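Participant: One structure follows; several queries about it will come next.
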Ligand SMILES: O=P(O)(O)OC[C@H]1O[C@](O)(COP(=O)(O)O)[C@@H](O)[C@@H]1O
Ligand SMILES: [Mg+2]
Ligand SMILES: [Mg+2]
């Protein structure tokens, strides 16, 4: 971490963004403004979540999204709030949202950026007051400014991200993001309406003893994953599964651990979406010294082919992700040996 950028805990998000801009002359004001727009929407969604039970916006919305999943009212509300903030902010030309079939054109033809977003992550936890989140990625458009965002703009590899982050609406609400210079966490103080730097230069422990996996799909897991889970249990690791990707990831970022959502019979390509869940958290994981794989390799190298494509995800402490990959590779070798004989 560059010392002159070491900012004191308690610095406001706004000051942090401005300070970063002073020290990173290449950082354009537009990206700073875009981060502010996201923070604004997060504050609004935070308020909606906190009073959801009071104004009856819990429960199902009564429609399915493009994923064929039952939309919750808060999924729809969060989607509307983030799209509105990004459209009004003027910096984004197009948006990919988990809740929208197609690319959303904002009308900002001069906008230099694309945002891929999961407006509300952990929908199954909304009604039971368990922490949920928002996940986002920011890309530079590749098409000429002055026109609508294109499919090419939206289908970029994770390695092309210029920023990524998440909001976790938990016991406190935090915004955690990277612009490629480390990971910083900001805690929201609702009474002041401000995010304050609370977790400067977040680093993911190289290893840990926590594994997060929904073992409901165990019977159809790849053998290598089954073998890794046995390895965890033999070594006395703790199983922790919140059911909100953001919350499971955030705990592992702080304490060390690995989150695994493999291909299953129900989700043959995995359940999580490449563009606005896997890649976004992968960028943060790597910037914090962690790792993110699809079981075969670095997930940010995957060339997207569909807006809402899914991927197996193994993400967290680097040594733990390496171990999972080791078990998967050993299984492939074993299968190849059997086939060869
Ligand atoms: O219920 P399952 O199959 O364990 O899946 C839980 C996973 O699905 C998700 O809820 C998917 O995200 P959405 O809620 O945004 O659809 C993740 O947050 C979570 O890790
Ligand atoms: Mg999600
Ligand atoms: Mg979602």
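The values are calculated or read from the model by the stated rules, or taken from the named source; none is laboratory data. Computed from a predicted structure; not experimentally measured. Note that each Cβ is placed from the backbone with ideal geometry, even for glycine, and that neighbours are counted across all protein chains shown.
Participant: Using the structure shown, decide if residue 236 is under 30 Å from residue 171 (Cα atoms) and touching a residue at least 60 places away in the same chain (Cβ under 8 Å).
Facilitator: When the stated conditions are applied, residue 236 does not pass them.
Participant: Here is a check on your reading of the model: is residue 66 within 16 Å of ligand 1 (Cβ to nearest atom), farther than 26 Å from residue 180 by Cα, at pLDDT below 95 and in contact with a strand residue (DSSP E or B) (Cβ under 7 Å, 6 or more places away or on another chain)?
Facilitator: So residue 66 does not fit the description; no.
Participant: Among the residues of segment 214-225, is there at least one that is within 16 Å of ligand 2 (Cβ to nearest atom) and under 22 Å from the mean Cα position of the chain (by Cα)?
Facilitator: The answer is yes, given that some residue of segment 214-225 is within 16 Å of ligand 2 (Cβ to nearest atom) and under 22 Å from the mean Cα position of the chain (by Cα).
Participant: Name the residue that is nearest to residue 312 (Cα to Cα), counting only residues in segment 239-263 that are surrounded by fewer than 23 Cβ atoms within 10 Å (Cβ to Cβ) and free of Cβ contacts under 8 Å to residues at least 40 places away in the same chain. Steps first, answer last, please.
Facilitator: So in segment 239-263, the residues surrounded by fewer than 23 Cβ atoms within 10 Å (Cβ to Cβ) come out as 239-243, 251, 254-256, 263.
Checking which are free of Cβ contacts under 8 Å to residues at least 40 places away in the same chain leaves us with 239-241.
Details: 239: 19, 240: 19, 241: 16 Å.
Here the answer is 241.
Participant: Which pairs have Cβ atoms under 7 Å, sit 6 or more apart or on different chains, and link a residue in segment 264-285 that is within 9 Å of ligand 1 (Cβ to nearest atom) to one that is part of a helix (DSSP H, G or I)?
Facilitator: Matching pairs, first to second residue: 264/217; 264/220; 266/217; 272/245; 272/278; 277/245.
Participant: State all residues of segment 93-111 that are closer than 23 Å to residue 175 by Cα and either within 16 Å of ligand 3 (Cβ to nearest atom) or modelled with pLDDT under 95 (or both); if no residue qualifies, say none.
Facilitator: Those that are closer than 23 Å to residue 175 by Cα and either within 16 Å of ligand 3 (Cβ to nearest atom) or modelled with pLDDT under 95 (or both): 95, 96, 97, 98, 99.
Participant: Here's another thing I want to ask about it. Does any residue of segment 129-137 turn out to be within 16 Å of ligand 2 (Cβ to nearest atom), surrounded by fewer than 16 Cβ atoms within 10 Å (Cβ to Cβ) and either modelled with pLDDT of 95 or more or assigned by TED's automatic domain parsing to the domain that holds residue 79 (or both)?
Facilitator: Yes, that holds for at least one residue.
Participant: Given the criterion within 13 Å of the chain's Cα centre (by Cα) and farther than 24 Å from residue 221 by Cα, identify the matching residue among 274, 253.
Facilitator: Numbers: 274 fails: farther than 24 Å from residue 221 by Cα.
The conditions single out 253.
Participant: Turning to a different aspect of this structure: Given the residues 179, 134, which is the only one that is within 30 Å of residue 6 (Cβ to Cβ) and within 13 Å of ligand 1 (Cβ to nearest atom)?
Facilitator: Residue meeting the stated conditions: 134.
Participant: Tell me the residue from 191, 230 that is assigned to a loop (DSSP other than H, G, I, E, B), surrounded by fewer than 16 Cβ atoms within 10 Å (Cβ to Cβ) and without any contact (Cβ under 8 Å) to a residue 12 or more places away in the chain, please.
Facilitator: 191
Participant: Return the total of residues in segment 99-114 being under 12 Å from residue 82 (Cα atoms) and within 15 Å of ligand 2 (Cβ to nearest atom).
Facilitator: Here the count works out to 1.
Participant: Kindly evaluate residue 274 against the criterion of being away from ligand 3 (no atom under 15 Å from the Cβ) and at negative phi.
Facilitator: Working: away from ligand 3 (no atom under 15 Å from the Cβ): no; at negative phi: yes.
The answer is no for residue 274.
Participant: Do you know which residues across segment 82-99 are part of a helix (DSSP H, G or I), within 16 Å of ligand 1 (Cβ to nearest atom) and buried (at least 23 other Cβ atoms within 10 Å of the Cβ)?
Facilitator: 82
Participant: Now for a different question. As an exercise: evaluate residue 295 against (1) surrounded by 14 or more Cβ atoms within 10 Å (Cβ to Cβ); (2) assigned to a helix (DSSP H, G or I) and give the number of the one condition it does not meet.
Facilitator: (2)
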